[in-house]
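K.L.:
One structure, as C-alpha cells, below. Some questions next.
Nothing in this text is a laboratory measurement; each read-out follows from the coordinates by a stated rule. Since this is a predicted model, take the numbers as computed values, not measurements. Note that each Cβ is placed from the backbone with ideal geometry, even for glycine, and that neighbours are counted across all protein chains shown.
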Amino acid sequence: MRLKGKVIVVTGTGSGIGKDIAERFAKEGARVVAASRRAATGQGVVDAIVAGGGQAIFVQTDVSSAKDVDALFDSAVRSYGRVDGLVNNAGVNFVCPFEECTPEAWDRVLNVDLRGTYLCCRRAILEMLKTGDGGSIINVASNHTVAAVKGSVPYDAAKWGMVGLSKSLGIEFASRNIRVNVLSPGLIHTQIWDDILDAAPSHEECLAHWKSNIPMHRVGTCEEISSAAVFMISDESPFMTGANLVIDGGMSSQLVTPDPYTSRKI
Ligand SMILES: NC(=O)c1ccc[n+]([C@@H]2O[C@H](COP(=O)([O-])OP(=O)(O)OC[C@H]3O[C@@H](n4cnc5c(N)ncnc54)[C@H](O)[C@@H]3O)[C@@H](O)[C@H]2O)c1
C-alpha cells in the first residue's frame, strides 16, 4: 500500500476524476476526507469506500466558501488528527463567446477553481505546519495551462492562476517539505466528455474532430489520472515540487492537427 495511514483531503469527489482519486487513494491505504458540494452523490461514494474496507469520511463542502473549507479541515483533524495531503480537484468549466461572459460567470468559475484552491491550500498548509512532517498538495488544472481554448476565458485564467499559485507555494514551502504540484489532464471520459458529445450535432464528426486533435486518438480515463495522482501525493516523488504534469495523450504537444491537409514530404 503506497499511501498507508496518510490523511488526504480530496475535493469534488462526487463524480468523475475526484471520485476515482478518492477510491484509488483509499485502496492504497489512505484515510480519505472527501469533500463535495452535493451530499447525495458525495456520501454515496464514501459509503461504497467504507463498505469495501477503506477509510473515508464525507464532508459536504462548497470550496468557494471560507466557512465551509474551515469546517472541512476541522472535520479532518477531528476525525483523523492531522492532514498529510490535499487534492484540489473540484472545478467548474464554462464555455461561451467573450462578449457574453458576464462578471457573474467570471466570478463563478474563478471562485470555485482558483479561490477554492487557495482556501484549501491555506488550511492544508497550516495543518501540515502544525505536525512538522511536511505534506503533498496536487492542484488539478488542465492542459488549458499549456495553451488556451477559444471561448474559455474564465476557465483558462483560473487554471493558469492555479499554476502560478502552485509554483509560488512550492518554492515558499520547499524547505519545510510541503510539496505543491499541478496535475493537468487533457480530455478525460467524465460527464464533461458526455456533455460535449451530447451537445454535438453529430457524434461521428465530434469524435473525428477530437481524434485528430489527440495524437493518441482517444480520450483519457479517470484511472490514468488517479495513477499519476498516487505517485504525486506519495513519498515516491520527494524531489517534485512546482511541477505541472500534463496527461493529455499528446494533445497540447501538437502544433497543428494533420487533418484535413497533410503536406507532402519535404
Ligand atoms: N474531464 C476532463 O476532460 C477534464 C479535463 C481537464 C481538466 N479537468 C479538471 O478535472 C477536475 C474534475 O473534473 P471532472 O471531469 O471529474 O468533472 P465533474 O463535473 O465530474 O466533477 C467535478 C466535481 O466537483 C464538484 N464541485 C463543483 N463545484 C464545487 C464546489 N463549489 N465545491 C465543491 N465541489 C464542487 C462537483 O460536484 C463534482 O463532484 C476539474 O477541476 C476539471 O476542471 C477535467
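K.L.:
Go ahead and set up a Gaussian network model of the chain, Cα springs under 10 Å, then flag whichever of G14, G132, G42 fluctuates most.
P.N.:
Among G14, G132, G42, the largest GNM mean-square fluctuation belongs to G132.
K.L.:
I need the P(r) histogram for segment 20-178: all alpha carbon pairs, bin width 5 Å from 0 out to the longest distance, whole percents.
P.N.:
Spelled out bin by bin, segment 20-178 gives 2, 9, 17, 19, 19, 16, 10, 6, 2, 0, 0 percent.
K.L.:
Just want the answer: with Cβ charges of +1 for Lys and Arg and -1 for Asp and Glu, which residue in F25, G42, S64 is farthest toward the dipole's positive end in segment 1-79?
P.N.:
F25
K.L.:
Please pull out the direction-averaged projected area of segment 141-266, using the convex hull of its alpha-carbon atoms, in nm² to one decimal place.
P.N.:
Working: hull surface 40.1 nm².
Result: a mean projected hull area of 10.0 nm².
K.L.:
Could I ask something else about it? Under 10 Å, Cα contacts only: if you run a Gaussian network model on the chain, which one of V32, V59, V153 comes out with the highest mean-square fluctuation?
P.N.:
Between V32, V59, V153, it is V153 that shows the largest mean-square fluctuation.
K.L.:
While we're looking at this one, here's another question. Distance from the Cα centre of segment 18-77 to that of segment 81-139, in angstrom?
P.N.:
Cα centroid of segment 18-77 versus Cα centroid of segment 81-139: 15 Å apart.
K.L.:
Here's something else I'd like to know. Quote the charge dipole size of the chain about the Cα centre in Debye, to the nearest 20; the model charges only the Cβ of Lys and Arg (+1) and of Asp and Glu (-1). Walk me through the intermediate numbers first.
P.N.:
Details: 26 positive and 29 negative charges, 169 e Å.
So the dipole magnitude of the chain works out to roughly 820 debye.
K.L.:
Please figure out what share of the DSSP beta bridges in the chain is antiparallel and state it in percent, rounded to the nearest 5.
P.N.:
Working: 0 of 29 bridges.
Rounded to the nearest five, the antiparallel share is 0 percent.
K.L.:
Could you give the C-alpha radius of gyration of the chain expressed as a fraction of 2.2 N^0.38 Å, taking N as the number of residues it contains? Each step should come with its number before you reach the end.
P.N.:
Details: Rg = 18.7 Å, N = 266, 2.2 N^0.38 = 18.4 Å.
The chain yields a ratio of 1.02.
K.L.:
Just to confirm the number: angle between the C-alpha axis of helix 222-233 and the first principal axis of the chain, 0 to 90 degrees, nearest 10?
P.N.:
Helix 222-233 sits roughly 50 degrees off the main axis of the chain.
K.L.:
Which listed residue (C101, M128, Y118) has the Cα farthest towards the positive end of the charge dipole for segment 88-139, taking +1 on Lys and Arg C-beta and -1 on Asp and Glu C-beta about the Cα centre?
P.N.:
M128
K.L.:
GNM, the chain, Cα, under 10 Å: largest mean-square fluctuation among A22, A229, A51?
P.N.:
Most flexible of the set in this elastic network: A51.
K.L.:
Which value in deg cm²/dmol, rounded to the nearest 500, describes the helix-derived mean residue ellipticity at 222 nm for the chain, given -39,500 (n - 2.57) per DSSP H run of n ≥ 4 and division by the residue count?
P.N.:
Details: 9 runs with 116 residues, N = 266.
Estimated from H runs of four or more residues: -14000 deg cm²/dmol.
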